[in-house]
Amino acid sequence: MDKPRRGYWCECWTENLDEERRPALLASIDAYFAAQADRWVAVTLRTITPALDSEACDEAWDWLYEGRIETRRALLRSEPCTVSITQDRIRVTWTIRPVVFLPLHQRQGVELPACAYAFKPGALDHRSERPLRTTTPAIHRGGTAHLPD
């Protein structure tokens, strides 16, 4: 990829409604088409429905039968979308946001800056108990970055 490309950034978050903690990022993907983005949510919902209670299962199937159509239409209009289900005071939320993926410069054969060696995968920010975020590894390996549309 050598020029910016439109697409969608998709995330799945979980939140315990009984605790005063931030939601936790469970998974994320990049998608280049609206169909890929809403399919990611649909496949996940279909996979977990057998384990859901009746109310959460109904929420999931309502979105699969009715809400998915509206989600796809909104994505095609470049609008962000959210899908949530709640079971046993745990909320699972999928977000899909239109983005522009930017190509990153390849740096193969170039010596890395000292800060690149300080990165430790899985390191936690002890103030928030969330993973530390850095763009350094992605830049050095090549790949894409995303910015809100």
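What's the number of the condition GLN106 fails, among (1) open to solvent by 40 Å² or more (accessible area, probe 1.4 Å); (2) at pLDDT 75 or above; (3) not hydrophobic (A, V, I, L, M, F, W, C)?
(2)
I'm trying to understand the selection: among the residues of the range 27-55, which are farther than 26 Å from ARG73 by Cβ and in contact with a Ser or Thr (Cβ under 7 Å, 6 or more places away or on another chain)?
The answer is none; no residue qualifies.
So in the range 49-90, with the set limited to residues that are touching a residue at least 40 places away in the same chain (Cβ under 8 Å) and in a helix (DSSP H, G or I), which one is farthest from CYS12 (Cα to Cα)?
Result: LEU76.
The values are calculated or read from the model by the stated rules, or taken from the named source; none is laboratory data. Note that this is a predicted model, so its numbers are computed, not measured. Positions of Cβ are generated from backbone atoms using ideal geometry, with glycine treated the same way; all protein chains shown enter the neighbour counts. SASA here: full protein model, heavy atoms, side chains in, ligands and nucleic acids out. Shrake-Rupley method; radii C 1.70, N 1.55, O 1.52, S 1.80 Å.
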